[in-house]
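Nothing in this text is a laboratory measurement; each read-out follows from the coordinates by a stated rule. Quantities reported herein were computed from a predicted structural model and do not represent experimental measurements. Heads up, the Cβs are rebuilt from the backbone with ideal geometry, glycines too, and the neighbour counts pull from every protein chain shown.
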Amino acid sequence: MKGLILLASFKDKLTALPELEGSILQAKLDMSILQKKQIATRFLLFSCHDPYVSPPKSVLLGHFINAQMQELKHVRHFMQSDGFDEFKQLWDILKILLHY
């Protein structure tokens, strides 16, 4: 796999959204898969103003999987309702992966 792109990601409980805890626990994601060398490049994008996924939760996951991390300022949870309607940073990463 050339790359993995994660957005507002986390590996622990979300205190801001306790109603999602059951679904998150059922997902049973094997984190060791995200660490495997078969994934050539890992990117993690997060917002410093995210009301749901705090930056420390994303940074913790980013370090855990050895991802290249990018903090996006002036956005919240990457939703259109927060004024986020295009994703230039994602396109920039995709261009890198397509030429990798």
task: Let me know the number of lysine pairs in the stretch 3-98 closer than 16 Å at the Cα, not counting same-chain pairs under 8 apart.
output: 5
query: Which residues' amide hydrogens lie under 5 Å from the amide hydrogen of residue 41, considering only partners 5 or more residues apart or on another chain, with H built in the peptide plane?
result: 3, 4
Under 5 Å, built H, 5+ apart or other chain: amide partners of residue 72: 46, 47, 48
- line: Extend 7 Å from the Cα of residue 12 along its Cα-to-C-beta direction; within the stretch 34-74, residues with backbone N under 16 Å of that point are 52-65
- prompt: Add -39500 (n - 2.57) for each DSSP H run of 4 or more in the chain, then divide by its residues: what number comes out at 222 nm, to the nearest 500 deg cm²/dmol?
  reply: -9000 deg cm²/dmol
statement: The Rg/Rh figure for the chain, Cα atoms and Kirkwood Rh, to two decimals is 0.97
